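Encoded as C-alpha cells, the structure appears first; notes follow it.
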Amino acid sequence: MWRLSKYELARMPKQAQGIIIYIDDECAQLNLMFGVVLYAAAKACGYLPNPFCCLEYAAYGVRINAAAPGRIATGMLAKASSSNPERFARLFILMRRLGTLEEVAEAVLWLASLDAPFLTGQVLGVDGRYLAS
C-alpha cells in the first residue's frame, strides 16, 4: 500500500488537498487468535504509516485514514470459515451479527466525504465492536 501511496502523496501538497483511505483489517489492531501472526503483521503495515504520514501531510490539507472491517458477511468468509460465522458473531461481536459490504462502503464514503474534514490519522473500525468484546 505504501508503494502506491507515496506516488499520490508526492502530488497532493501541490494540489493543497487530498484523501487517502486504506482498507485494512481489524486483525492488524488486536486479534488474539492462533495462526494469524503473519497475516496480522502484513495488515499492520497498512495502518501503521497513517499517523506518521499525517505529521508530514496534514498541513497541506491531505487527510489519511483507514477503514478496518471486521467480520463481514461475504462468500469468502463462508468458504474460509471452518465454524459457523453467524454463531461467532452472536458470541463475540457486540452487535451480535456480521457486518455487510454496504456498511463498509458507507464508512469509506464517510471518511472521504466533506462530513469528516477534520479527521486524519485514524483507523475506523467497521467491526460491530468486535475489538471491544
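The values are calculated or read from the model by the stated rules, or taken from the named source; none is laboratory data. Predicted model, so just to flag it, every value in this text is computed and none were measured. Cβ atoms come from the backbone with ideal geometry, glycine included; neighbour counts cover every protein chain shown.
Details
Per-residue answers, yes or no, for (1) at positive phi; (2) in a loop (DSSP other than H, G, I, E, B); (3) modelled with pLDDT of 70 or more:
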{"position": "Y22", "(1), (2), (3)": "no, no, yes"}
{"position": "A58", "(1), (2), (3)": "no, no, yes"}
{"position": "N65", "(1), (2), (3)": "no, no, yes"}
{"position": "R90", "(1), (2), (3)": "no, no, yes"}
{"position": "V104", "(1), (2), (3)": "no, no, yes"}
{"position": "D115", "(1), (2), (3)": "no, yes, yes"}
{"position": "G128", "(1), (2), (3)": "yes, yes, yes"}
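- Look at the range 65-86: where a residue is among the hydroxyl-bearing types (S, T, Y) and a partner is assigned to a helix (DSSP H, G or I), sitting 6+ places away or on another chain with Cβ atoms under 7 Å, you get T74/L101.
- Counted residues, the range 92-102 - those being farther than 13 Å from I23 by Cβ, at pLDDT 85 or above and assigned to a helix (DSSP H, G or I): 1
- Picking from residues in the range 24-56 that are of a type in the set (D, E) and surrounded by 15 or more Cβ atoms within 10 Å (Cβ to Cβ), the one that is modelled with the lowest pLDDT is E26.
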